1. Taking the range 218-244 as the region of interest, how many residues are more than 20 Å from THR208 (Cβ to Cβ) and not aliphatic (A, V, I, L, M)?
2. Among ALA274, ALA242, ALA278, which is the only one that is touching a strand residue (DSSP E or B) at 6+ places or on another chain (Cβ under 8 Å) and more than 30 Å from LEU101 (Cβ to Cβ)?
3. With respect to VAL85, is the statement that it is modelled with pLDDT of 95 or more, more than 28 Å from LEU225 (Cα to Cα) and not in a loop (DSSP other than H, G, I, E, B) true?
4. Tell me the residue from GLU135, GLU152, GLU145 that is within 25 Å of LYS87 (Cβ to Cβ), acidic (Asp, Glu) and surrounded by 21 or more Cβ atoms within 10 Å (Cβ to Cβ), please.
5. Assigned to a helix (DSSP H, G or I) and farther than 30 Å from PRO70 by Cα, is that true of THR187?
6. Answer yes if at least one residue in the range 110-126 is of a type outside the set (A, V, I, L, M), farther than 24 Å from PHE192 by Cβ and surrounded by 21 or more Cβ atoms within 10 Å (Cβ to Cβ), and no otherwise.
7. Exactly one of (1) of a type outside the set (S, T, N, Q); (2) without any contact (Cβ under 8 Å) to a residue 60 or more places away in the chain; (3) within 20 Å of ASP22 (Cβ to Cβ) is unmet by ARG210. Its number?
8. Mind checking which residues of the range 40-58 are more than 22 Å from the chain's Cα centre (by Cα) and in contact (Cβ under 8 Å) with a residue 12 or more places away in the chain?
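The values are calculated or read from the model by the stated rules, or taken from the named source; none is laboratory data. Since the structure is predicted, the reported quantities are computational estimates derived from the model, not experimental observations. Methodologically, a virtual Cβ is constructed for each residue, glycine included, from the backbone with ideal geometry; neighbour enumeration extends over all protein chains shown.
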Amino acid sequence: MAEKKPLTIRLCGPRGFCAGVDRAIQIVVLALKKYGAPVYVRHEIVHNRYVVEGLQSRGAVFVEELNEIPAEHRNQPVVFSAHGVPKSVPADAESKNLFYLDATCPLVSKVHKQAMRHQRLGRHVILVGHSGHPEVIGTMGQLPEGAVTLIETIEDAETYSPQDPDNLGFVTQTTLSVDDTAGIIATLQRRFPELTAPAAESICYATTNRQDAVKSAAPGCDLFLVVGAPNSSNSKRLVEVAERSGAAQSLLVQRASDIDWTQIGDISVVGLSAGASAPEIIVDEIIQSFSERYFVTIDLAETTIETENFHVMRDLRDMKLTSDDMAFVNGSH
C-alpha cells in the first residue's frame with residue numbers, strides 16, 4: 001500500500017448548525033416527545049436530507065401542503081419550517097382546526113416585521129432574494145399581492161422601475177452572499193437615494209460568520225468542500241465565496257460518499273465548512289474519509305465564536321431533552 005501523503009484540512013469555524021436550525025429541530029423533537037407520533041412538518045424543517053431522515057425515523061411526517069394531513073390525525077401538531085411561511089398558511093391551518101407550531105427562525109420573523117413596517121409607513125417593499133426559495137415565498141406572503149418586488153441581481157436593480165421612487169424600503173433574504181447583496185443594494189441606493197434600509201441588518205449573523213470563515217480559509221486551498229444540500233441557499237453561497245476567495249476548486253457535498261476521489265487530483269490543503277443546516281456528524285465523516293487516504297493535520301480556521309441561542313415556544317418548554325436528544329439536535333448523533 002502506498003504511503004499516505006500529508007494533507008492539511010482547514011476546518012472553518014463557525015460552521016454547521018445555527019441557532020435557528022437548532023431551535024427548529026428541537027421543536028420537532030420536543031413535539032414528538034410531548035404529543036407522540038406522528039408530528040407533521042410542512043416542508044423540510046431545514047434543508048438537509050440527513051436531518052429530515054433522522055426526524056422521520058423518530059416519527060415526523062413531512063408534507064408539502066396541509067391538505068396532505070389525514071383527517072384522523074388533525075389533532076396532531078403540524079410544524080412550520082424554519083424558513084417561514086406566508087400568512088395564508090397559518091390561516092389555512094386555523095380554518096382546518098389544525099394545531100400548529102411555528103418553527104420560523106426568529107431572524108426570518110424579524111425580516112417579516114421589517115417588511116410589514118415598511119408597508120405600514122407607506123413604502124413599497126423591495127425584497128432582495130432568490131425566486132422560489134421558501135424564505136422568499138414566506139416573506140412576500142406577509143404582505144398583500146403587489147406590495148413586494150423581488151430583486152435577484154444587479155441587472156434587476158438597474159432595470160427596476162417603481163411607481164413611486166421616493167417611497168421605497170428594502171429587506172433581504174437572510175441567507176444571501178454578503179458581497180453580492182452589497183452590490184445590489186448599492187445599485188438601488190444610487191438609483192433611488194430615498195430608499196429606506198431596514199432597522200437592522202437582514203442577512204443573519206450565521207450566514208455572515210460562515211462566509212467570513214470561508215473567506216479566511218480559502219486562499220491557497222487546492223480544494224474546498226462545503227457540506228450542504230443542493231437546495232440550501234446559505235450552503236451554495238459558501239461554495240461561491242470559497243471560489244472567489246482563492247480556492248482552486250470548490251464543491252458542495254451532502255455526504256463523504258459524494259466525493260469523487262479520482263477527480264480531486266494532487267492536493268495538499270483542503271478547506272472544509274458546512275452550511276447552517278448541515279450536521280457536524282457529516283463533517284466528522286468527511287474528515288475520517290480523508291484520514292483513511294492521507295496523513296491529515298487539522299488547522300482550525302476560526303473567525304468568531306457563536307453564543308446565540310433561541311428558545312422554543314412556551315407550549316414545549318415543559319419537556320426536557322435527554323442526552324441522546326441533545327446529540328441529535330446538535331448534529332453529533
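1. 5
2. Numbers: ALA274 fails: more than 30 Å from LEU101 (Cβ to Cβ); ALA278 fails: more than 30 Å from LEU101 (Cβ to Cβ).
After applying the criteria, what remains is ALA242.
3. Working: modelled with pLDDT of 95 or more: yes; more than 28 Å from LEU225 (Cα to Cα): yes; not in a loop (DSSP other than H, G, I, E, B): no.
Spelling it out, it is not the case that VAL85 is modelled with pLDDT of 95 or more, more than 28 Å from LEU225 (Cα to Cα) and not in a loop (DSSP other than H, G, I, E, B).
4. None of the other options fit; the residue is GLU135.
5. On the way: assigned to a helix (DSSP H, G or I): yes; farther than 30 Å from PRO70 by Cα: yes.
Criteria met by THR187.
6. Taking the range 110-126 and keeping what is of a type outside the set (A, V, I, L, M), we get 110, 112-114, 117-120, 122-124.
Among the residues that remain, those that are also farther than 24 Å from PHE192 by Cβ are: none.
Looking for residues that are of a type outside the set (A, V, I, L, M), farther than 24 Å from PHE192 by Cβ and surrounded by 21 or more Cβ atoms within 10 Å (Cβ to Cβ), one finds none in the range 110-126, hence no.
7. All conditions pass for ARG210, except number (2).
8. Filtering the range 40-58 for residues more than 22 Å from the chain's Cα centre (by Cα) gives 57-58.
Once the filter is applied, which keeps residues that are more than 22 Å from the chain's Cα centre (by Cα) and in contact (Cβ under 8 Å) with a residue 12 or more places away in the chain, the range 40-58 yields only ARG58.
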